[in-house]
Every structure is written in C-alpha cells, then in structure tokens.
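Have a look at the structure below, then the notes.
Readers should treat all values here as calculations from the given coordinates under stated rules, not as data from a laboratory. Note that the coordinates shown come from a computational prediction; the quantities given were computed from them, not determined experimentally. So basically every Cβ, Gly included, is an ideal-geometry build from the backbone, and we count neighbours across all protein chains shown.
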Amino acid sequence: MRLPRATPGYVGVVFAAFLLSLPLGWLALSGAIDGDAYDWMVRLHPSQHNATPVVVVAFDERSLAATGGMRSIRRTMAVVLDRLRPNPPAATAIDLILADAGDAHDDAALERALSGYPHSVLACELLDDGLWEDPIPQLRAQATALGHVHANPDPVSRRLPLEMIHNQQRRWALSLEAFRFFKNASIEESPGELRIGGTVVPAARSTGRDLYIDFTNLSVVSVDRVLHDDAVARSLAGKAVFIGVTALSAAKDRLMTPRGESVSGVEVHASAFETLATSSFRVDVAPGTVLLICFLLAIAAGLIFLLLSGWTAYVVAGLLIIGAHLLPHLLFVNGYVLPYTAPFVTAWITVGAAAAWQYFVVRTQLRKSEGDKARYQQAIQFVTHEMRSPLTAIQGSSELIGRYNLNDDKRKQVADMINSESKRLAQMIQTFLNIERLTDGQSGVRAELFDFTAAVETSVRRAEPLADRKNIQIQTGHVEPASMKGDRELMEYAVYNLLNNAVKYSSPDTRVIVEVRRDASSLRVSVQDEGMGMDAQELRNIFRKFYRTHKAEASGEAGTGIGLSLVDQIVTHHGGRMEVDSTPGKGSRFTMVLPRGIVTFSPSASIPSHREHKTS
Ligand code: ADP
C-alpha cells in the first residue's frame, strides 16, 4: 500500500493535538496527578542509604510521661544537653518553638545548658503576619544559629525550602544550618546552587531553593534512653542530632511523607539533613526541557503514522506511549523529576490524532481507488460495446460482397463503408492506447514538428458527421496559421474531443465555433458551443476522470467521463493548461492555452499537412 504523504493537513492535526495537550498536561489537576505519581515512584524506587550520621532524639510518649510532659520540656531539654555535652554531637538541632517565656527556672536551666554548648541550632517560624517568631532573647543569645522549620505540605511533604526571606531577614532551614556545622563549613551561594564544604546542593534561587526530601528509615532514640543509658548518650558524639517531639499526643506538626507515612516535624528536618549528608538530590526537569520532550514525542507520533502503516504503526505507537510512561521513572532513578502528566498526555493525544487522521485518509484513498476501478471497468465495458457497431458493419459489408454480385457503385459504397468503419475502430484503439500512454506516465508523448492548422482541420472533419446528424454547424472562425512541436495524434484527439463534447451536449440546430488565436505568450485554441453549459460546482470537477454531470447523464448522450481528463493531461504534457467558461443553459467555451515555446507562427502552406505528407 502506498504510504500517505506528510500533507499540511496531517502536520496541522498533529501540531494542533500537541498544542491541545499542553494545557491539559499543565492543568491544576495534572499537578495533583504529578504529585501522586512522584509519591508512587518514591515507593517504587526506594532509596538505600548507608549508615548516616543523623539521629533523632525523640520526645516520645514514654519519655514525656517519665519527664513531666510538655510542661517540663525545657527543663528536660536542658538535662539532655547536659548529658550530651561531655561527648558533644557535631551539630544539635532543637525543633522546639521557644518563642514565649516559660517557667523562669526552666528557661534559666535551658539558657545555662545552651551556653557554651557547641553548634546548637534553635527553631524559628514565620508567623501569618510575615514576622519571624524567634526564641526568647535569653535563649537565642546562647544558640549558635537559628533555622526555620517550614516544610511544604501540599498535603504531602515532598520538598522543603532551604532558604526563606521575609522582612529582609533570611533564614536557612534548620537542616541546612545543622549540616553547615556538621561539615564545619560555610554556605556559599550562587543563583543555581548552594555549596557547603564540597557538597553541591542543586537548589536554585528561582525555585525558592527547594530541596526534594529523600525520606528513608531514620535512626531514632528516645530521650528516655539518652537520659538513662550512658552508652547511648556517648554514641551520639560527632553526629548530627535532631531533638524534637514525636509523641502523637503532643506533636502539633504531623506531616505526610511520599512514602505514605505520617511523621513529626523533627523527622522531616532530620530527613532533609540526611538528604544533604548523602547528596541524594533530585531536581526538577526544567520547563523548557519538558516542553522539548513533549514536542519530540509529538514528532515521533507524527512520524510513526507517516512512515509505518497497519499493525506495525499501532504497535510502535503503543511502544511510544509506554516509553512516555516509563520516561519519568528512568529520569527519577537518575535524580530528575519529570512531571508525569505532560509527556503521557502529549503522547496519547498526538498518537490518537495521528492514528485517526491516517486511518480516515487511508480509508478515503481506498474508497476512491475502489470507485475509480469500478468506473474504469464500466468504461471498458462501454467501449467494448461501442466497438461492436463498427465490427458488425464491417462484418455485414464483407458478407454482402462475398454473397452477392454487386454492381460497381454498390461495391464501392460497401468498400468505403468497410474502410471508414475500420478507421473508426482503429481510432478507438488509438484512443485507448493514448489513455494508457498518458495514465501510465510513460514518456510516450512524441515531440515532432507538425502543421497545427491541418491537425485542427482533421479534427473538425472527423467531428462533422456527428454534428450533421444533429444539424449542428461547426464554424471555423479565425484560425491563426501555426505549426507546433508535439504529438500530433494526441493534439488531434484533444481538439476532436472538445468538438465531440460540444456537439454531444448541445441541442440540434445550434452552432459550434472553433478558433485558433495568438496572444503575447500563447496559442489559444477554443471550441465554443450553445449547449447545456455547466455551473461552477460542475466546472470544478469536469477534468476528473470518470466525472459526468447529472445533466449529461440525463441527456442520454453516451459518455465515459474520460475524455476531458485526457484532454487536460495532453495539454499539460505540452506545457499548457485548460480554461473553461460556461453558463448553464447558454453554452460553454473550452480553451486550450498552449505555450508560445512549442509554437511557430507560419502560413500553413509552408508545412506539408499530415495527409499530404503521408501520400507523398
Ligand atoms: P463524457 O464521455 O461524459 O463526455 P468528458 O470527460 O468528455 O466525458 O466530459 C466530462 C463531463 O463534462 C461530461 O459528462 C459533461 O457532463 C461535461 N461536459 C463536457 N463538455 C461539455 C460541454 N461542451 N457542455 C456541457 N457539458 C460538458
């Protein structure tokens, strides 16, 4: 089967489908799907970290119950810090909001514990009115640094802003401050990333320096054990310790992780630290790249249905769609987060559009070629039928000569009849050969110099018997004497066909006028009749093979609908074109416009006519 071409329609449809897929892929709903898809990928491709330096020291239910609950938490915190001080961690992040003054003794105890304690980070929060809520001054003065404790719950905490700036006050995240102490380095900023002692964090300022948190199983020890087990307290030396409340009854900040677990804030921050410590970074694929990926998918969809057909196309398109589903996974395991919806929506929609378009185009082509075949067969049947009448005449005449003793006059008459009928038969065969020659696109068209005027005369003479039967006069108007380089037989056939049509589709007792005129760039051969004419719709179709107007069908005139398509092809082969003017009920004028290049204007006498040429 011939493959469909990349028509502007096809390219347009695939491109329109691509444009349509863009807003669909970026809709708010897709954002939610992308989030779910991210969580799914997190669960499907779990991270494996080797032993990490972060430990959560948890105020769990048991510890709170044993130490006097949330009311005494500042005092207990002081005791914990005192326990750690002899073998201190490299960084200690305290996820407790200490913005209000508590019990004076407890505050004093915590102040004392913090004073001189190495690398402590206290929590601060942004209030709704845009102000930072810092620990009370007496505690803040003792802390080495402050870090914000915001995560992005939407409603799942996937990311965390490493930097927050409000009221011209910038705060790094609790985890980042702890990491800085852990690495014993400073934070170097550039628009695209942060550098902390050799660790490059791909957190661009343009995205709020968001960090995808890589949640894994943290090591958690209870405050209770730190207080009562020396070995546990000593084991925290040199580590990054995150102290906070994990007890369900007390923690106000419980968050969902992509892994589907509900965790406390301190665990989120400890996980963010772990992400930094293990450099398990994931970055969003840039929007421009997402667009490019979608565009390439659309092009691939278009090419598949252009270059392949049938089941192969559907199978390869299926693979493309599967590829669009797998691509986010492939990128995910390599640390890139590609939105899930945009590529697969693009792949589905463009594949659908390309498949539908090609399906309908192929179906229409198939129907058309089936129709053409059927009409061609009809035409063959018609012509073979037409051939019977000259054959019958020849047969009958030959029998007459054989059986009867005819006088000279009669014999001559019968012989003439045989001669003219066999010529008619030869003419029909010639027409068919012409059809073959032209439709097969063979370069069978001759290029010989011939007397064009004589060729027109021959055609007129050939059409006259038919015109006589309807008492139609074929008048020759102005005929510019000319010779032409081309195929005489085909040209005669073309002019004869126009004359034949003019006679066929006109009422008796009318006129047909033939003219050959020259203008600056061409030779114009026109055949004008006073017949039934055609409307604009019909005019658009008459050069199509096998097309016949309803009026022509109704007139009872025999026809195949091939003639004009051949005339058009003949004229085109000679570098010319056809023009038609027609008014329904008034008549038509068919003009062959032939290029000056193949025409020489000369008196016809200077070139021997076809007939003279033959007999000489
Ligand atoms: P056909 O064998 O039907 O004459 P053609 O290809 O020669 O086939 O012409 C196609 C159709 O164009 C005709 O069937 C007729 O409807 C229309 N047509 C051609 N010539 C004329 C004319 N001179 N006047 C009106 N209709 C014409």
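Observations, loosely collected:
- Neighbour net charge for Lys551 - beta-carbon separation under 14 angstrom, K R +1, D E -1: -2
- Overall, the ratio between the Cα radius of gyration of the stretch 314-378 and 2.2 N^0.38 Å, rounded to two decimals, is 1.81.
- Nearest-0.05 FRET efficiency for Asp154 and Leu19, computed from C-beta distance (R0 30 Å): 0.55
- Spacing of the two label points (7 Å from each Cα toward its C-beta) at Ser389 and Lys470, in nm: 1.4 nm
- Computed from the Cα positions only, the extents of the stretch 1-155 along the three principal axes stand at 90, 41, 29 Å, in decreasing order.
- Ratio of the Cα radius of gyration of the stretch 113-157 to 2.2 N^0.38 Å, where N counts its residues: 1.38
- Rounded to 5, the percent of DSSP beta bridges in the chain classed as antiparallel: 60 percent
- Calculated FRET value between Trp40 and Asn541, using beta carbons and R₀ = 51 Å, to 0.05: 0.30
- If you bin all the Cα-Cα distances of the stretch 449-582 at 5 Å, starting from zero, the percentages per bin are 2, 10, 20, 25, 21, 14, 6, 1, 0.
- Calculated log₁₀ intensity ratio I(q)/I(0) where the Debye formula runs over C-alpha points of the stretch 495-560, q = 0.13, 0.21, 0.25, 0.27 Å⁻¹: -0.42, -0.98, -1.21, -1.29
- Local electrostatic count, Asn50, Cβ distance below 14 Å [Lys/Arg +1, Asp/Glu -1]: -2
- Kirkwood-type hydrodynamic radius, the stretch 267-333: 14.6 Å, calculated from all non-identical alpha-carbon pairs.
- Placing a pseudo-label 7 Å from each Cα along the Cα-to-Cβ vector at Ser369 and Arg254 gives an inter-label distance of 6.9 nm.
- Summing charges over all other residues whose Cβ lies under 12 Å from the Cβ of Ser588, with Lys and Arg as +1 and Asp and Glu as -1, gives -2.
- Across every pair of non-identical alpha carbons in the chain, the mean reciprocal distance, once inverted, gives a Kirkwood radius of 33.2 Å.
- Ordering Ser72, Ser206 by the number of other Cβ atoms within 10 Å of each residue's own Cβ, fewest first, gives Ser206, Ser72.
- All Cα pairs of the stretch 237-277, percent lying beyond 16 Å: 39 percent
- Overall Cα dimensions of the stretch 268-423, principal axis frame, Å, largest first: 127, 23, 17
- Working from Cα pairs under 8 Å separated by at least six residues, relative contact order for the stretch 39-174 is 18 percent.
- Relative contact order, percent, the chain [alpha-carbon distance under 8 Å, six or more residues apart]: 13 percent
- Listed peptides 222-232, 170-180 by packing density, highest first (mean Cβ within 10 Å): 170-180, 222-232
- Across all directions, the shadow cast by the convex hull of the stretch 211-335 built on its C-alpha atoms averages 11.5 square nanometres.
- With all pairs of different C-alpha atoms in the average, the Kirkwood value for the hydrodynamic radius of the stretch 1-85 is 19.7 Å.
- Ranked by how many other Cβ atoms sit within 10 Å of their own Cβ, fewest first, the residues Thr583, Thr199, Thr246 fall in the order Thr583, Thr199, Thr246.
- The phi torsions of the stretch 391-406, fed into the Karplus equation with coefficients 6.51, -1.76 and 1.60 and a -60° offset, translate into couplings of 5, 4, 4, 5, 4, x, 5, 5, 5, 4, 4, x, 7, 10, 8, 8 Hz, rounded to whole numbers, with Gly and Pro shown as x.
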